[in-house]
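First comes the structure, then the notes that go with it.
The values are calculated or read from the model by the stated rules, or taken from the named source; none is laboratory data. Nothing here was measured: the structure is a model prediction, and the numbers come from that model. Don't worry about glycine lacking a Cβ; one is built from the backbone with ideal geometry, like all the others, and counts go over all protein chains shown.
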C-alpha cells in the first residue's frame, strides 16, 4: 500500500501535486490527529484548516522556546534527513516536486 500525504497544486511552488510518502510512524501519528470531519488531520472547532495559521505557528514556536523558525524550514530538515540516509537525489527531486537538481544553499540561524 502506498501511503502518501498530498500537497495540492495550488499549495506547491511548481504548481503540481506532490505525493509525500509516509512511513508507519507517520501514518500512526496522523491517525491519532484526525478530527472531525474524518478527512482532515488539522481542524479547529470541528472545521478543516484551509491554510497555515501564522499566529498559531508563532505561538507554538514560542511555547516550545524556538526562535526565528518558519514552517518552510521543516522542508529543509526533511531534505537533509533524506540526503543523510542515502535517498538518491533523483528520487528526492521527484518527492520534493523540484524540476532540477540545482540546489540553493541557505543558512538558517
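Here are some notes:
- All of (1) in the same structural domain as residue 4 (by TED's automatic domain parsing); (2) out of contact with any strand residue (DSSP E or B) (no Cβ under 7 Å at 6 or more places or on another chain); (3) surrounded by 13 or more Cβ atoms within 10 Å (Cβ to Cβ) hold for residue 33 with one exception: (3).
- When 74, 22 are screened for being in the same structural domain as residue 99 (by TED's automatic domain parsing), at pLDDT 80 or above and either at negative phi or over 16 Å from the mean Cα position of the chain (by Cα) (or both), only 74 passes.
- Test for residue 27: is it over 16 Å from residue 97 (Cβ atoms), surrounded by 12 or more Cβ atoms within 10 Å (Cβ to Cβ) and outside the structural domain of residue 99 (by TED's automatic domain parsing): yes
- Within the stretch 1-17, considering residues that are modelled with pLDDT under 85 and part of a loop (DSSP other than H, G, I, E, B), the one surrounded by the fewest Cβ atoms within 10 Å (Cβ to Cβ): 1
- Residue within the stretch 46-63 that is surrounded by fewer than 13 Cβ atoms within 10 Å (Cβ to Cβ) and touching a strand residue (DSSP E or B) at 6+ places or on another chain (Cβ under 8 Å) present: no
- Across the stretch 67-103, the qualifying residues are those that are outside any helix (DSSP H, G or I) and touching a helix residue (DSSP H, G or I) at 6+ places or on another chain (Cβ under 7 Å), and the one among them that is surrounded by the most Cβ atoms within 10 Å (Cβ to Cβ) is 69.
- Within the stretch 44-56, residues that are under 22 Å from residue 10 (Cα atoms) sit with their Cβ atoms under 6 Å from residues that are assigned to a loop (DSSP other than H, G, I, E, B) and at pLDDT 80 or above, at 6+ positions apart or across chains, in these pairs: 52/71.
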